[in-house]
Amino acid sequence: VENRPKYYGREFHGIISREQADEILAGVEGAYILRESQRQPGCYTLALRFGNQTLNYRLFYDGKHFVGEKRFESIHDLVTDGLITLYIETKASEYISKMTTNPIYEHIGYATLLREKVSRRLSRTKNESRKASVTSEENTPVEKITSLVRRAALTQNDNHFNYEKAHNFKVHTFRGPHWCEYCANFMWGLIAQGVRCSDCGLNVHKQCSKYVPNDCQPDLKRIKRVYCCDLTTLVKAHNTQRPMVVDSCIREIEARGLKSEGLYRVSGFTEHIEDVKMAFDRDGDKADISASIYPDINIIAGALKLYFRDLPIPVITYDTYSKFIEAAKISNPDERLEAIHEVLMLLPAAHYETLRYLMIHLKKVTLHEKDNFMNAENLGIVFGPTLMRPPEDSTLATLNDMRYQKLIVQILIENEDVLF
């Protein structure tokens with residue numbers, strides 16, 4: 001055939017009609033050819049014989065061949081996968097429609113393994129997590145706004161296993177036969193047969209992934225770094241209530257830096273801050289950030305701020321950002337406090353706990369204002385853009401909201417005992 005595209009082989013038959021393709025393929029189940037459109041030159045069609053009829057699919061190439069979302073190295077692989085899918089969907093359509101109605105997820109496989117792992121960790125960490133509970137809310141006046149319900153929930157479920165986390169599913173190609181860990185049925189196809197959670201390794205059909213509960217338990221072996229990692233993923237993987245970066249940095253700052261002039265405002269050397277970041281990514285909670293290694297406390301403060309800036313979802317999440325901004329615009333102080341409290345309750349548990357712990361720390365920083373010259377307003381200017389970012393990457397929106405970002409953090413610090 002003249003003018004054959006270089007990425008097609010002898011299956012290409014040039015410009016022919018649907019009728020001609022049907023004649024060529026008649027009676028040969030599973031046979032296929034490629035043809036160029038008569039109406040749209042330069043556009044190509046896969047003609048495939050299946051179920052005693054010729055099916056026509058618009059064919060594309062961008063370095064790989066595809067007719068849908070799956071991409072293949074060769075036309076042969078594309079057709080093989082297509083025939084498998086057509087056969088399964090034709091012969092087992094009723095079975096497929098019922099796959100998710102009676103899942104085995106709660107009885108075998110991943111869920112059973114998960115429960116065993118959780119129970120082992122629970123018995124090991126129960127006492128430690130109780131020791132870590134903050135009891136500063138005692139003697140809170142009744143008339144103040146309190147979050148007793150949230151505190152009760154955190155006390156009752158005082159470990160990270162109760163932080164809800166959705167699975168991070170990505171399309172995956174399985175080598176050899178594989179079964180779905182939600183419905184226990186075969187995962188068919190040549191490539192991209194299903195999806196795998198990149199945080200915990202759960203393997204399911206794409207359609208089953210919509211029904212899997214938000215109970216992901218990340219595996220440390222799959223978490224490649226500490227910075228730039230989703231906050232909830234990190235705390236669940238490291239078996240902590242808060243990111244261990246936050247705990248380690250705050251512990252170090254409170255031990256030797258609360259009276260440091262310009263704390264959090266004065267920047268440490270960027271290359272030293274990057275060193276701290278690499279230490280956490282490499283060594284996790286065993287990273288050494290002591291005074292013998294980093295005598296300048298501003299390096300540790302800078303590393304903490306960098307951690308918050310690098311979060312893919314800010315501590316004050318994108319979902320709650322606009323609600324916080326609207327609450328900050330309320331002129332009546334009591335109503336504003338009430339509105340902020342309500343929005344705080346919408347934060348994911350790990351984000352709420354991290355924010356609570358940080359605000360307790362920043363309140364301690366303000367108690368040493370005579371030495372460090374950092375009051376709640378100054379800290380609001382520093383941490384506003386660090387803890388909350390607008391969902392859309394707009395410079396104008398960021399500039400317009402900056403004073404409200406500062407105000408939110410300032411109010412959280414000043415009313416930390418009331419709001420949390």
Global form of region 7-71, assessed from the alpha-carbon gyration tensor, a/c cut-off 1.5
oblate
Taking +1 at the Cβ of each Lys and Arg and -1 at the Cβ of each Asp and Glu, which of Thr233, Asn203, Leu396 sits farthest along the dipole of the chain towards its positive end, judged by Cα position relative to the Cα centre?
Asn203
Using a 1.4 Å probe on heavy atoms of the protein chains only, the accessible area for Asp199 in Å², nearest 10, reads 20
Where only C-alpha atoms are counted, convex hull volume of region 238-418 per residue in Å³
118
FRET efficiency estimate (nearest 0.05) - Cβ-Cβ, Cys43 to Lys91, R0 22 angstrom:
0.10
Choose one answer from Ala303, Ala327, Ala350: the residue with the largest mean-square fluctuation in a GNM of the chain with alpha-carbon springs under 10 Å.
Ala327
Loop by DSSP (not H, G, I, E, B), at most 16 other beta-carbon atoms within 10 Å: where is the longest site-free stretch of the chain for trypsin sites (Lys or Arg not before Pro)?
330-420
Loop-exposed GluC sites (Glu not before Pro) per DSSP, neighbour cap 12 Cβ within 10 angstrom, longest uninterrupted part of the chain
262-391
Could you give the dipole magnitude of the chain about its Cα centre, charging the beta-carbon of Lys and Arg +1 and that of Asp and Glu -1, in debye to the nearest 20?
840
Could you grab the relative contact order for the chain? Cα pairs under 8 Å, six or more apart, rounded to a whole percent.
11
Per residue accessible area in Å² of the chain, where ligands, DNA and RNA are left out and the probe is 1.4 Å
53
Among His167, His65, His178, determine the one that fluctuates most according to a GNM of the chain built with springs between C-alpha atoms less than 10 Å apart.
His65
Just to check I understand the Karplus step: with θ = phi - 60° and J = 6.51 cos²θ - 1.76 cosθ + 1.60, what whole-Hz values come out for region 195-211, glycine and proline as x?
10, 10, 6, 6, 9, 10, x, 5, 10, 9, 4, 4, 5, 6, 4, 6, 9
Would you kindly find the accessible area of Thr233, with a 1.4 Å probe and non-protein molecules such as ligands, DNA and RNA excluded, rounding to the nearest 10 Å²?
10
Pop out the carbon and sulfur fraction of the accessible area of region 212-330 as a percent, whole number, probe 1.4 Å.
49
For Asp296, project a label point 7 Å along Cα to C-beta. Then give me every residue of region 210-252 with its amide nitrogen under 15 Å of that point.
none
Normalised convex hull volume, the chain, alpha-carbon set, Å³ per residue:
211
For the chain, find the longest principal axis of its Cα atoms and tell me its angle to the long axis of helix 110-131, 0 to 90°, nearest 10.
10
Run down the lysines and flag those whose C-alpha is under 19 Å from the C-alpha of Lys206, throwing out any fewer than 8 positions away in its chain.
Lys70, Lys98, Lys165, Lys170
Could you tell me whether region 292-374 comes out rounded, prolate or oblate from its Cα gyration tensor? Rule is a ≥ b ≥ c as square roots of the eigenvalues, rounded for a/c under 1.5, then prolate if a/b exceeds b/c, otherwise oblate.
oblate
Residue farthest toward the positive end of the dipole of region 12-99, with Cβ of Lys/Arg at +1 and Asp/Glu at -1: which of Leu55, Gly30, His76?
Leu55
Could you give the length gained by full extension between Glu73 and Ser394, i.e. 0.36 nm per residue of separation minus their alpha carbon distance, to one decimal place?
111.6 nm
Kindly sort Val204, Val382, Val28 by accessible area of their heavy atoms, largest first, with the probe set to 1.4 Å.
Val28, Val382, Val204
Provide the net charge surrounding Ile313, with neighbours chosen by a C-beta distance below 13 Å and charges set as Lys +1, Arg +1, Asp -1, Glu -1.
0
Between Gly176, Gly51, Gly384, which gets the highest mean-square fluctuation from a Gaussian network model of the chain, Cα cutoff 10 Å?
Gly176
With +1 on each Lys and Arg Cβ and -1 on each Asp and Glu Cβ, and nothing else charged, work out how big the dipole of region 12-99 is about its Cα centre, in Debye to the nearest 20.
160
Relative contact order as a percentage, region 309-355, C-alpha pairs under 8 Å and 6+ apart, gives 44
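The values are calculated or read from the model by the stated rules, or taken from the named source; none is laboratory data. Only a predicted model underlies this, so the values are computations on that prediction, with no experimental measurement involved. Note that we place each Cβ from the backbone using ideal geometry, even for glycine, and neighbour counts take in every protein chain shown. Ligands, DNA and RNA are stripped out before the accessible areas are found, and what is left, the full protein with its side chains, is counted by its heavy atoms. Shrake-Rupley method; radii C 1.70, N 1.55, O 1.52, S 1.80 Å.
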